Amino acid sequence: MSIVDNIDKSRLPRHVAIIMDGNGRWAKQRNLDRSQGHIEGVNTVRKVTEIASEIGIGFLTLYTFSTENWNRPKEEVDALMNLIVVAIERETPDLIKNNVRLTMIGDTGRMPQFARERLARCISDTSHCTGLTLCLALSYSARWEIVEACRKIAKRVCDGELTSDSIDDDVFSDSLSTHGIPDPDLLIRTAGDLRISNFLLWQIAYAELYFTDVFWPDFTKDDFCRAIIDYQSRERRFGKTSEQVSQ
């Protein structure tokens, strides 16, 4: 019996977000260059995207490159940018074949022009797909996103489109880069660290958190399914009592 068969398809998280951590440590353990860990991590992205699409997840957001990652050695940053672009271009035909739509969030203005333009083509090529939405968080920071949302709202107030009294959760959410994407139900982090690392801070207010010691390059389809099954074992109360939820 496959582990997939243990998943209740009627209780799937609509949106799963993943902090893909451990590529460098995976490579170090094997006396390999860090770039080899990132290459293996790309293979894991393919596998996880496949299983998420197969079981019926609606949205999958991957923390691909943070604004803090710009502080890494230039050689590693350049290699990562090139790897991301080449990998997405290579996978685009399969994304289309599997009805997966690609999108991107983050401060992409900091990215090299070649990366922005080539990724934009991939996004355009998959825009007609209606299955899983694969969202890449590139040059992303939740604090950056929140500040940008505040600027947008402040401008709307200055322009007379909004009053300060009309600003609520919905207005703020609509000003984020994830506008149109539901908040994550499940956040997975690999490689053992127990922190959020500036990822979707507003959106994960009620997400279930799942941490695993498995390095991202070793994270399998079965590991993803185990995270889904663990999620389904939890009671999501959203501030209510267990008795209210059961009713």
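For this structure, a couple of remarks:
- Difference of contour (0.36 nm per residue) and Cα-Cα distance, ASP94 to GLN29: 20.2 nm
- Averaging Cα coordinates gives a centre for segment 1-51 and one for segment 177-200; these two points are 14 Å apart.
- Members of LYS152/LYS240; LYS155/LYS240; LYS74/LYS221; LYS9/LYS240 lying beyond 28 Å, as alpha-carbon distances in this model show: LYS152/LYS240; LYS155/LYS240; LYS74/LYS221
- The order of ILE123, ILE105, going from fewest to most other C-beta atoms within 10 Å of their C-beta, is ILE123, ILE105.
- Residues SER246, SER197, ranked from the fewest to the most other C-beta atoms within 10 Å, line up as SER246, SER197.
- Zone residues, segment 127-160, relative to SER166, backbone N less than 12 Å from point 7 Å out along Cα-to-Cβ: 156-160
- Helices of the chain meeting both criteria, an alpha-carbon length of 15 angstrom or more along the long axis and an average Kyte-Doolittle score not below 0.0, with helices taken as full DSSP H segments, are 74-97.
- Highest average packing first - 231-237, 89-95, 181-187, 160-166, Cβ atoms within 10 Å: 181-187, 89-95, 231-237, 160-166
- Simple rule: put +1 on each Lys or Arg Cβ and -1 on each Asp or Glu Cβ in the chain, find the dipole, and look at MET20, PHE211, LEU176; the Cα lying farthest toward the positive end is MET20.
- Whole-Å distance, taken between Cα centres, linking segment 78-111 and segment 124-151: 12
- A Cβ-based charge dipole, computed about the Cα centre of the chain with Lys and Arg at +1 and Asp and Glu at -1, lands at about 360 debye.
- Segment ASP222-ASP159, length gained on full extension (0.36 nm per residue, minus Cα span): 17.6 nm
- Positive-end residue of ILE96, PRO112, SER10, charge dipole of the chain with Cβ unit charges: PRO112
- Value at 222 nm in deg cm²/dmol, rounded to 500, when DSSP H runs of n ≥ 4 in the chain each add -39,500 (n - 2.57): -13500 deg cm²/dmol
- A full extension of the chain between ARG72 and ALA120 corresponds to an added length of 14.8 nm, given 0.36 nm per residue minus the alpha carbon distance.
- Footprinting exposure proxy for CYS225, CYS135, CYS158, CYS150 (fewest neighbouring C-beta atoms within 10 Å first): CYS158, CYS150, CYS225, CYS135
Every number here is computed from the coordinates shown, using simple stated rules; none is lab data. If you're wondering where the values come from, they're calculated on a predicted model, not measured in any experiment. Cβ atoms come from the backbone with ideal geometry, glycine included; neighbour counts cover every protein chain shown.
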